[in-house]
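Comments concern the structure below.
The values are calculated or read from the model by the stated rules, or taken from the named source; none is laboratory data. What you see is a predicted model; the values in this text were computed from it and never measured. Methodologically, a virtual Cβ is constructed for each residue, glycine included, from the backbone with ideal geometry; neighbour enumeration extends over all protein chains shown. Please note that ligands, DNA and RNA were not included when accessible areas were found on the heavy atoms of the full protein model with its side chains. Shrake-Rupley method; radii C 1.70, N 1.55, O 1.52, S 1.80 Å.
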Amino acid sequence: MSKKDKYDVQKFTGIPVETDASGKYQLKFDQNGEAKLHTWRTGKHTKGKFNHPGQLMLTENNLTVVILKAEPMAFKDRHSETPLQRFLTVDVTEDVLKQGLVELKE
């Protein structure tokens, strides 16, 4: 593989979100009342740019996810994670971000 085929890979930990009645993003909880943390990575065709935790991204299955943590990932390890489709230019509110970060620490 040539150098130009390589790209920077970042791993993102996040929680799926859904909109409430007023259109605000909230963490999505399962039937047990738990928010599930998942990981994704940037792919060769990922659109947009990561700016900060609290930003939303779209997965390849069109799931909207709030990014809680970003970390570098070795290019060779990239196949262990699912690539994400695009970064959105939308953020969750401060309280939803805080709620997500609590989940991340547990």
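Which one, Tyr7, Val17, Gln99, is farthest towards the positive end of the dipole of the chain when Lys and Arg carry +1 and Asp and Glu -1 on their Cβ?
It is Tyr7.
List the chymotrypsin sites (Phe, Trp or Tyr not before Pro) in the stretch 1-47 that DSSP assigns to loop (not H, G, I, E or B) and whose Cβ has at most 15 other Cβ atoms within 10 Å. Which are they?
Tyr7
Helix 94-105: angle to the longest alpha-carbon principal axis of the chain, degrees 0 to 90, nearest 10?
The angle comes out near 70 degrees.
Longer than 31 Å from Cα to Cα, which of Lys36/Lys76; Lys47/Lys76; Lys24/Lys76 are they? Say none if no pair is.
Where the Cα-Cα span goes over 31 Å, the pairs concerned are Lys24/Lys76.
Which of the following values of Kirkwood radius over Cα pairs in Å was calculated from the structure shown: (1) 15.2; (2) 16.8; (3) 14.2?
Computed from these coordinates, Kirkwood radius over Cα pairs in Å corresponds to label (3).
May I ask you to derive the FRET efficiency for His79 and Asn32 from their Cβ-Cβ distance with R0 = 30 Å, giving the value to the nearest 0.05? Walk me through the numbers on the way to the answer.
Values: r = 31 Å, r/R0 = 1.02.
Efficiency for this residue pair is about 0.50.
Who wins for biggest fluctuation among Lys69, Lys24, Lys36 in a Gaussian network model of the chain, springs between alpha carbons below 10 Å?
For the chain, modelled as a Gaussian network with Cα springs under 10 Å, the answer is Lys24.
Using a Gaussian network for the chain with springs between C-alpha atoms less than 10 Å apart, which of these wobbles most: Pro16, Pro53, Pro72?
The residue that fluctuates most here is Pro72.
Leaving ligands, DNA and RNA out of it, report the carbon-plus-sulfur percent of the accessible area of the stretch 10-106 at a 1.4 Å probe.
49 percent
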